[in-house]
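So the structure is just underneath, and the comments pick up after that.
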Amino acid sequence: MSANIKKPSILFVCYANICRSTTAEAVFRHKALNAGLDCKVDSAGTHCVHPGKPADKRSQKVARDKGYSFAGIQSRKVVMEDLENFDYILPMDSSNLDNLIALGNEETAKKTQLLMSYANENIRSRVVDVPDPYRGGMRGFEIVLELIEYASEGLINHINQTR
């Protein structure tokens, strides 16, 4: 990468930062590395009820089974500096999108959009939000992982096309 090109930074956001956004961080890091995309990737929660904790064991299990690592990922709460400093602020669902818009300002709102907006049109036309799997079974975590994989591939393509 040329020295004058800024490394893109991506923040994935959900409610508690233990299921969806941590999974998105793990998946995107892996896919970006494999695509040769040098970027900063992090995740946070709008309400982070378990600060400093690792991702949910069920999230880790389904992701680990597909080769993704959660090494170094810990739950934390999103702060205003995140909204100012990250290029892409990607909430998992409409509720968290609303929370982020309320926390930020007009400038930060411009770079905040649903993660699924990067999935291909076929998926995007059917799925707007990445559902919260926390209170469900393992199938919910598998679905979350699949949706995040689709959107991550689209996001990588978008970043590569706009650099």
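Read-outs: derived from the displayed coordinates by stated rules, not from any lab. Bear in mind the structure is a predicted one, so any value in this text is a computation, not a measurement. Don't worry about glycine lacking a Cβ; one is built from the backbone with ideal geometry, like all the others, and counts go over all protein chains shown.
Quick rundown of the values:
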quantity	calculated
Mean projection area, nm², convex hull over Cα of the chain	9.3 nm²
Relative contact order (%) - criterion: Cα under 8 Å, at least six apart; region: the chain	26 percent
Length gained when the stretch ASN122-ASP87 is fully extended (0.36 nm per residue, less Cα-Cα span)	10.0 nm
In nm, spacing of pseudo-spin labels at THR162 and HIS47 (7 Å Cα→C-beta vector)	2.9 nm
Separation of alpha-carbon centers, segment 85-162 and segment 1-49, rounded to whole Å	11 Å
Dimensions in Å of segment 1-53 - Rg and Dmax from alpha carbons	12.8, 40
Stretchable slack from GLU106 to LYS61, in nm (0.36 nm times residue separation minus alpha-carbon distance)	12.4 nm
FRET efficiency, GLU146 to MET80 (Cβ-Cβ, R0 35 Å, nearest 0.05)	0.60
Amide H contacts of LYS40 (H built 1.01 Å from N, under 5 Å, at least 5 apart or other chain)	SER9, ILE10
Ellipticity estimate at 222 nm from DSSP helix runs (n ≥ 4, -39,500 (n - 2.57)) divided over the chain, nearest 500	-13500 deg cm²/dmol
Hz values of 3J(HN,Hα) by residue in segment 33-39 - Karplus curve (6.51, -1.76, 1.60), Gly and Pro given as x	4, 5, 8, x, 9, 8, 8
